[in-house]
Amino acid sequence: MSIRSIRTLLADDPDVGTGNVLTSRIALGIGLDDPLLTFDTPVDDHAAWAPFTLRELDRSVRARAAALHALGVRRRDPVVVYATAAADHVLSFLALARLGAIPALLNPKVEGERAARYISRLGAVGILTDAEHRAELAGHDPVAPLLADTSELGAGDPDAAPEPYRHSADDPVAITHSSGTTGLPKAVVHSHASLYASIRHRAALPRAQGTDRMLSVLPAPHAATLIAVNLALSTHGQLALLSQQSGAATLDAIESWRPHSVVGFAATWADLAHHDLAARDLDTVSFWWNTGDCAHEAHIRRLIATGSRETVTREGRSRVPGSVFIDGLGSTEMGHSHFFITHTLGTEKYGRCVGRPHTFVDCEVVGPDGEPLGPGEVGELATASPTLAPGYWNDSVTTYRTRLRGRFLTGDLMYRDEEGYYYHVDRLVDSVDLGDGKRLYTALSEERVLARVPDVLDCTVVAVKDGDRVVTDVLLILQDGADPGADRTGEVVAALDEHTGATVRSVLVVKGDDIPLGPTGKVRKVLLRERYLASVAGR
């Protein structure tokens, strides 16, 4: 039995899923002393950046499982994990999954008041947290007791851990949450089978380049991180996980850990655009993997100009300058990106093109009546896939409201072209009806401004109805050295389509701190619109 056979053995076993990959790997007895997971903070007897072997990881997880079991945690118990370090989320998830409990991972950037309201809706039996987030919850009632500090769990006796729980395909194995940009985050439940479906799909394909040594700059409590961890365990790939998603932290980690690929969200790529990438040593990076929101062309082009990749020609294998960016579109509810497109220095298919669907996806674009639309027609994405989350935890109303003929209504406005490529134009809640069959798409407008207006690093378009008319503010973040006093209104309006350009009220240069972000880095446009309406009411 070889290392190469690991992913085939796991993928071919119908009992393997997100809840038991670690115990299944241990049972195979292969590569137990090879380094696999690396964390950026000290944990147990490991210094920051000191890798865990599979055997060491299993011991740490069993220690935590024993400690949690001693605290009374049992199967089907929802347990909240609210902490900063990626290690706390990953190790707590693995330990709770071993017990058959349901880890509810909460982003550390959700402030205490909202966190308490969110937790109170879960019916959790308790909360695992760190000192910083205990302080966040002080004065708020999450309607769940504090079980333990995450730093204490590793002191459990690994030999006292109960036997691993035997998962079924539809067993709930995690609760993660939406970005919360439109209000309180929505709790999304994932099953043993759904979070593993994309990995089972990948097992039938050649091993993707770069997955042998991956750096995750995903938010640790996100479903995408759980998939990345399961992928590493299932393919025997090394994975390092960052506890923060800033551009500066990402660059430092690339230079020190030397990954072959980096996986993250669009917000991190935008932050990287603020740095002089040519001055950093990024040569080992061959692939950038994006999930969540699709990325902007301007940010993609900066990244693929860095790094190097392997090519095969008649002369053999060689490395050439420039990396690969794999873009997609996914969400917490979708469980995995449902689309993909590959960008290199020679590609030109941008304009918010997210590519074609994965083979495990059955999707369509539908109109307001729920009927399928044809090529070129903008509507809402309705998608089906074995990766889909079963629904929203303790919220059957929202679960069924977002279902249509067995598909999930994502809230994304898209269209497909005659070749079967899909394009994302906006979130339904962020677009504005202009009347006469015209609609303003904020995300598509931002894409156009970034692509056509020089010196702009990032852009946010906010459109609201002011009485009977729609007005738009365009907020620009500029490159270092760009003139903040220059009037860019003409360039911005020229970049937009005619009916959107006619709504522009102001073009403003702002700083990053002026843009409110959700816990995953998405712009909270609802809050920006509320600020605008409040300023109008105050006049």
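The listed residues are Thr383, Thr387, Thr398, and the only one of them that is closer than 21 Å to Ser178 by Cβ, part of a strand (DSSP E or B) and modelled with pLDDT of 95 or more turns out to be Thr383.
Scanning region 290-322 for residues that are without any contact (Cβ under 8 Å) to a residue 24 or more places away in the chain, among the basic types (Lys, Arg) and part of a strand (DSSP E or B), we see that the one that is surrounded by the fewest Cβ atoms within 10 Å (Cβ to Cβ) is Arg317.
Of all the numbered requirements in (1) more than 18 Å from Ala86 (Cα to Cα); (2) not in a helix (DSSP H, G or I), Ala240 misses one, and that requirement is (1). Would you be able to say whether some residue in region 409-418 is assigned to a loop (DSSP other than H, G, I, E, B) and either polar (S, T, N, Q) or not assigned by TED's automatic domain parsing to the domain that holds His190 (or both)? Among the residues of region 409-418, at least one is assigned to a loop (DSSP other than H, G, I, E, B) and either polar (S, T, N, Q) or not assigned by TED's automatic domain parsing to the domain that holds His190 (or both), which makes the answer yes.
The set of residues in region 15-28 being out of contact with any Asp or Glu (no Cβ under 9 Å at 6 or more places or on another chain) and either modelled with pLDDT under 95 or not in a loop (DSSP other than H, G, I, E, B) (or both) consists of Val21, Ala27, Leu28. Selection over region 264-289 of residues that are in contact (Cβ under 8 Å) with a residue 12 or more places away in the chain and not in a loop (DSSP other than H, G, I, E, B) gives a count of 14. If a residue has to be out of contact with any Asp or Glu (no Cβ under 7 Å at 6 or more places or on another chain) and under 18 Å from Val80 (Cβ atoms) to count, how many in region 188-233 make the cut? Here the count works out to 9.
Tell me, please, whether a residue that is under 29 Å from Glu377 (Cβ atoms) and either among the basic types (Lys, Arg) or assigned to a loop (DSSP other than H, G, I, E, B) (or both) can be found in region 477-497. Checked region 477-497: at least one residue is under 29 Å from Glu377 (Cβ atoms) and either among the basic types (Lys, Arg) or assigned to a loop (DSSP other than H, G, I, E, B) (or both).
The residue that is modelled with the lowest pLDDT, counting only those in region 261-279 that are surrounded by fewer than 21 Cβ atoms within 10 Å (Cβ to Cβ) and of a type outside the set (A, V, I, L, M), is His274. Here region 95-112 is the region considered, the condition is being over 16 Å from the mean Cα position of the chain (by Cα) and over 20 Å from Trp393 (Cα atoms), and the residue that is surrounded by the fewest Cβ atoms within 10 Å (Cβ to Cβ) is Glu111.
For every residue, the table says whether it meets (1) under 15 Å from the mean Cα position of the chain (by Cα); (2) over 15 Å from Trp289 (Cβ atoms); (3) of a type in the set (A, V, I, L, M); (4) not assigned by TED's automatic domain parsing to the domain that holds Arg309.
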residue	(1), (2), (3), (4)
Tyr196	no, yes, no, yes
Arg200	no, yes, no, yes
Ala204	no, yes, yes, yes
Ala228	yes, no, yes, yes
Ala249	no, yes, yes, no
Asp252	no, yes, no, no
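Within region 179-234, the set of residues being buried (at least 24 other Cβ atoms within 10 Å of the Cβ) and at positive phi comprises just one member, Gly210.
Looking only at residues that are more than 14 Å from Arg75 (Cα to Cα) and among the hydroxyl-bearing types (Ser, Thr, Tyr) in region 139-178, which one is surrounded by the fewest Cβ atoms within 10 Å (Cβ to Cβ)? Here the residue is Ser151. Among the candidates Val397, Val429, the residue that is under 22 Å from Glu447 (Cα atoms), of a type in the set (Val, Ile, Thr) and surrounded by fewer than 18 Cβ atoms within 10 Å (Cβ to Cβ) is uniquely Val429.
The selection criterion, being within 20 Å of Gly292 (Cα to Cα), aliphatic (A, V, I, L, M), part of a strand (DSSP E or B) and modelled with pLDDT of 95 or more, does not hold for Met334.
Farther than 30 Å from Pro78 by Cβ and not charged (D, E, K, R), is that true of Val365? When the stated conditions are applied, Val365 passes them.
The values are calculated or read from the model by the stated rules, or taken from the named source; none is laboratory data. No experiment lies behind these values; they were computed from the predicted model shown. In this analysis, Cβ positions are derived from the backbone assuming ideal geometry, glycine residues included, and neighbour counts consider all displayed protein chains.
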